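Structure first, commentary second.
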Amino acid sequence: MSNAERFVRQHLSGIDQRAMFWIDTAVATLSGSSAADVDWSTLDWAAIRIELDRWIDTLNPDTLDMQSAGAQFHVGVPSRDDVMLVFRARPRTEQARGHQREPSLVIGERPPLPLLHFDDGSSGYLNNLSIEMVKGLAEGRRKLAISLPSNQDAWEMLLEEMQHFGHDNTSEMEPLLLEPTAAALGLTVQPAGLIDFDEGWRVVNRVDMPITDDPRDT
């Protein structure tokens, strides 16, 4: 993470309280210039936050033209005419709007989800599965190589989500909407204070099943 990103995260987290946008940030420099020596502590971050929030409040996620300059907010750097901090607003999809637990400020890239291994020896990623594959998993015709008793319910919930919004592939879904399935399958770290999905499933269904060994040839 760059110095600029550290200051942005420290001072501007929590912007876009309506959770209508994804806010990207970048440092723009003129040709031949460098931002390596910029002292980001000299910026008036409190004032920047006020102006940034005001700008976001003027944007409409339904009409925002991503090709126009109106989707960008520029912040100058004291004593530098060749360096600028740039914020860009991208509308969230309708399904992802209002999800305040997912910060609008985007800093860096999300870590990739682990590769899924299926019981027939094939593999794939949660964010690139066809609805036919998800349906097979939801119906129990397909399974993960190492399967938890709650997996089928997790796939059923994902299938319902895809059918409701008309998605043919999970790649068409907002990453935010895949997080519950990823957590239910144990692909991500469970947030503190929340019970593990599989553990909760076993309690509710009064099921105690051991994790099976990988059935594929080794």
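Where a number appears in this text, it was derived from the coordinates with a stated rule and is not lab data. Not measured: the values here are computed from a predicted model. Note that we place each Cβ from the backbone using ideal geometry, even for glycine, and neighbour counts take in every protein chain shown.
Going by how many other Cβ atoms sit within 10 Å of their own, how do ARG88, ARG54 line up, fewest first? Don't skip to the end; give the middle numbers.
On the way: ARG88 15, ARG54 10.
Fewest-to-most ranking of ARG88, ARG54: ARG54, ARG88.
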In whole Å, largest first, what are the principal axis extents of the Cα atoms in segment 3-106? 41, 28, 18
Amide H neighbours of MET20 at under 5 Å, excluding residues fewer than 5 places away on the same chain, with H built from the backbone geometry, are GLY98
Using θ = phi - 60° and the Karplus relation 6.51 cos²θ - 1.76 cosθ + 1.60, list the HN-Hα couplings for segment 20-25 in order, rounded to whole Hz, with x at every Gly or Pro. 9, 9, 9, 10, 8, 10
Taking a virtual spin label 7 Å from the Cα of GLN72 along the C-beta vector, which residues in segment 8-42 bring their backbone nitrogen under 12 Å of it? 26-30
Phi to ³J(HN,Hα) by Karplus 6.51 cos²θ - 1.76 cosθ + 1.60 over segment 122-134, Hz, x for Gly, Pro: 7, 8, x, 10, 4, 8, 8, 10, 6, 5, 5, 5, 5
Could you list GLU5, GLU179, GLU51 in order of exposure, starting from the residue whose Cβ has the fewest other Cβ atoms within 10 Å? GLU51, GLU5, GLU179
For segment 87-96, in order, what is each residue's ³J(HN,Hα) by Karplus, 6.51 cos²θ - 1.76 cosθ + 1.60 with θ = phi - 60°, in whole Hz (x at glycine and Pro)? 10, 10, 9, 10, x, 6, 5, 4, 5, 9
FRET efficiency for GLN17 and LEU187 from the Cβ-Cβ distance with R0 = 41 Å, rounded to 0.05, comes out at 0.90
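What FRET efficiency do you get for GLN100 and GLU132 if R0 is 41 Å and r is their Cβ-Cβ distance, rounded to the nearest 0.05? Walk me through the intermediate numbers first.
Values: r = 34 Å, r/R0 = 0.83.
Efficiency at R0 = 41 Å is approximately 0.75.
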